[in-house]
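Participant: Quick one: structure below, then a few questions.
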Amino acid sequence: MILLGGYALNDKLEIDFGSEETTLKPLPLEDDRDALYALPLSLVPLETKPLRTARMIKNMRLESVVEVFHDDDMGSGQFYITELGHLFEWPETADYPDRSLLMQLSLLPSYDVYSLRMSLRRAGVQINDINDLQLSQAKQEELNRYMTTFTRPLITRIYGGTDVQVDDFEDILRLFKYPDKGKAMESLRLMAEGLGIDVYEVPQFLEDYGDIFLSLSYYRQCLDTIEPLIENFITSMREIKDNWQLKQDRHLMKTCETVEATLNNLTAEISGRFENFDRSTSEMWNDISATRFRKVESLIKNYHVTTGGILCALWVKMDHWQRMFPKKDMGGPIKKAEFIMAEMRQGLDKIKNIEKNAPMLADLEDDD
């Protein structure tokens, strides 16, 4: 299957799979680390060398495919895993290592770094370099304004006010490694006592704290990016429903209702979950303890796969819609209706299953 511009073509495309590198290279790792929908296969131990420069992505129908090249002009060259055995002359056995590994990866609902940490560990998949499961430095800096929600209560607790200058999380670490106020040292001592650690261990605690709330900041930014696109899409749905010709098609109308309800429900679920996380973290600082922090940490981590999976699905759907219809007056209701029936509705069952299989939100209980 070769896709150009997102659509399958019957024409053959010459790709030299025997060379060390494909002619058209996939996007660099720096970009993929920040993506919900892309997994660079250089991260995992594959024996098939040409695949090490490829990546696994979620396509418009939320299927996992292997993308061997990506180019703005040429489009995207994608293959189903079932097609790779013939291309690379793999043995027919189902347990061939590369085939088995790719099948495992294809089942993951999202390829963001936080979901991958959980999913790959559960699946027993080894990573070539665990340091690659980090957001890029550029993305981390971009998320600083989101991190303020989580860092400000911490600073207030130790320094007793908001007059401390903080631009990024590294500034937070420096404040606590080198406190310059006697009151701050006493607050640090009390916090360390509550956490059951020594004062010199506080910076390590802060790194754990920073990473878990960086994940929340990342997911929240993804939702903030997607929501305007969902609103734009729902506006287009109303145009379709109001079209005299299209409203006669009951199947189309039912599909539009299903798609709209699914998007609205999932957005509400994710937003509600963020509110729960915010409430839990706020309560944590009222009476900080190691047990309380680990419960908040566990609560958030347990939802990485679910949150990442839903946001990945929404991102892929909305990104393709935006590319097809970048302006409100482009395409017209008939063309948009065709795209909804052919592409947008496909894979909705996968999104529903992600939410259906999510763990139940549990209230924090203070066991101290």
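Participant: Within the set of pairs 6+ apart or on separate chains, which have a first residue in the stretch 228-251 that is at negative phi, a second that is among the acidic types (Asp, Glu), and C-beta atoms under 8 Å apart?
Facilitator: Once the first residue is at negative phi and sits in the stretch 228-251, its partners that are among the acidic types (Asp, Glu) give Leu229/Asp319; Ile234/Glu260; Met237/Glu260.
Participant: State which residue is modelled with the highest pLDDT when the search covers only the stretch 178-193 and only residues that are surrounded by 15 or more Cβ atoms within 10 Å (Cβ to Cβ) and closer than 16 Å to Asn286 by Cα. Walk me through it before giving the result.
Facilitator: In the first step, residues of the stretch 178-193 are kept if they are surrounded by 15 or more Cβ atoms within 10 Å (Cβ to Cβ); the result is 179, 184, 187-188, 191-192.
Remaining after also requiring closer than 16 Å to Asn286 by Cα: 187-188, 191-192.
Values: Ser187: 73, Leu188: 75, Met191: 76, Ala192: 81.
By that ranking, first place goes to Ala192.
Participant: Out of the stretch 130-140, which residues are small (Gly, Ala, Ser) and in a loop (DSSP other than H, G, I, E, B)?
Facilitator: Ser136
Participant: Suppose we filter the stretch 92-129 for residues that are assigned to a loop (DSSP other than H, G, I, E, B) and without any contact (Cβ under 8 Å) to a residue 12 or more places away in the chain; how many remain?
Facilitator: Selection size over the stretch 92-129: 6.
Participant: Is at least one residue of the stretch 98-112 modelled with pLDDT under 90 and more than 15 Å from Ala38 (Cα to Cα)?
Facilitator: No; the residues of the stretch 98-112 include none that is modelled with pLDDT under 90 and more than 15 Å from Ala38 (Cα to Cα).
Participant: Something else: All but one of (1) surrounded by fewer than 16 Cβ atoms within 10 Å (Cβ to Cβ); (2) at pLDDT below 90; (3) among the acidic types (Asp, Glu) hold for Glu338; which doesn't?
Facilitator: It fails just one condition, (2).
Participant: Let me ask you something else. Report whether or not Met330 is over 22 Å from Gly210 (Cα atoms) and either outside the structural domain of Phe150 (by TED's automatic domain parsing) or not in a helix (DSSP H, G or I) (or both).
Facilitator: yes
Participant: Restricting the stretch 318-353 to residues that are under 24 Å from the mean Cα position of the chain (by Cα) and among the β-branched types (Val, Ile, Thr), which is nearest to Asn243 (Cα to Cα)?
Facilitator: Ile340
Participant: Okay, next question. Can we say Phe213 is aromatic (Phe, Trp, Tyr), surrounded by 19 or more Cβ atoms within 10 Å (Cβ to Cβ), under 19 Å from the mean Cα position of the chain (by Cα) and in a helix (DSSP H, G or I)?
Facilitator: Considered against the rule, which asks whether it is aromatic (Phe, Trp, Tyr), surrounded by 19 or more Cβ atoms within 10 Å (Cβ to Cβ), under 19 Å from the mean Cα position of the chain (by Cα) and in a helix (DSSP H, G or I), Phe213 comes out as yes.
Participant: In the stretch 346-367, which residue that is surrounded by fewer than 17 Cβ atoms within 10 Å (Cβ to Cβ) and modelled with pLDDT of 80 or more is nearest to Leu195 (Cα to Cα)?
Facilitator: Ranking the qualifying residues of the stretch 346-367, first place goes to Asn353.
Participant: May I pose another question? Being part of a helix (DSSP H, G or I) and surrounded by fewer than 20 Cβ atoms within 10 Å (Cβ to Cβ) is the filter here, so list the residues in the stretch 300-315 that pass it.
Facilitator: Taking the stretch 300-315 and keeping what is part of a helix (DSSP H, G or I), we get 300-301, 304-315.
Across the stretch 300-315, the qualifying residue is only Lys301.
Participant: Can you tell me which residues in the stretch 252-277 are in contact (Cβ under 8 Å) with a residue 40 or more places away in the chain and among the aliphatic types (A, V, I, L, M)?
Facilitator: Result: Leu252, Val259, Leu263, Leu266, Ile270.
Participant: Any residue that is in contact with a helix residue (DSSP H, G or I) (Cβ under 6 Å, 6 or more places away or on another chain), charged (D, E, K, R) and assigned to a helix (DSSP H, G or I) - is there at least one of those in the stretch 271-291?
Facilitator: No, that holds for no residue.
Participant: Would you pick out the residues in the stretch 242-296 that are within 28 Å of the chain's Cα centre (by Cα), more than 30 Å from Glu193 (Cα to Cα) and among the polar types (S, T, N, Q)?
Facilitator: Thr255, Thr258, Thr262, Asn264, Asn265, Thr267, Ser271
Participant: Is the stretch 79-91 home to any residue that is within 30 Å of Lys301 (Cα to Cα), touching a helix residue (DSSP H, G or I) at 6+ places or on another chain (Cβ under 8 Å) and not in a helix (DSSP H, G or I)?
Facilitator: Within the stretch 79-91 (the criterion being within 30 Å of Lys301 (Cα to Cα), touching a helix residue (DSSP H, G or I) at 6+ places or on another chain (Cβ under 8 Å) and not in a helix (DSSP H, G or I)), the answer is no, since none of the residues qualifies.
Participant: Give me the residue from the stretch 45-78 that is touching a helix residue (DSSP H, G or I) at 6+ places or on another chain (Cβ under 6 Å) and of a type in the set (A, V, I, L, M, F, W, C) and, out of that set, surrounded by the most Cβ atoms within 10 Å (Cβ to Cβ).
Facilitator: Top of the filtered list is Ala54.
The values are calculated or read from the model by the stated rules, or taken from the named source; none is laboratory data. Keep in mind that this is a model prediction, so the values were computed, not measured. Ideal geometry is used to build each Cβ from the backbone, glycine not excepted, and the neighbour counts take in all protein chains shown.
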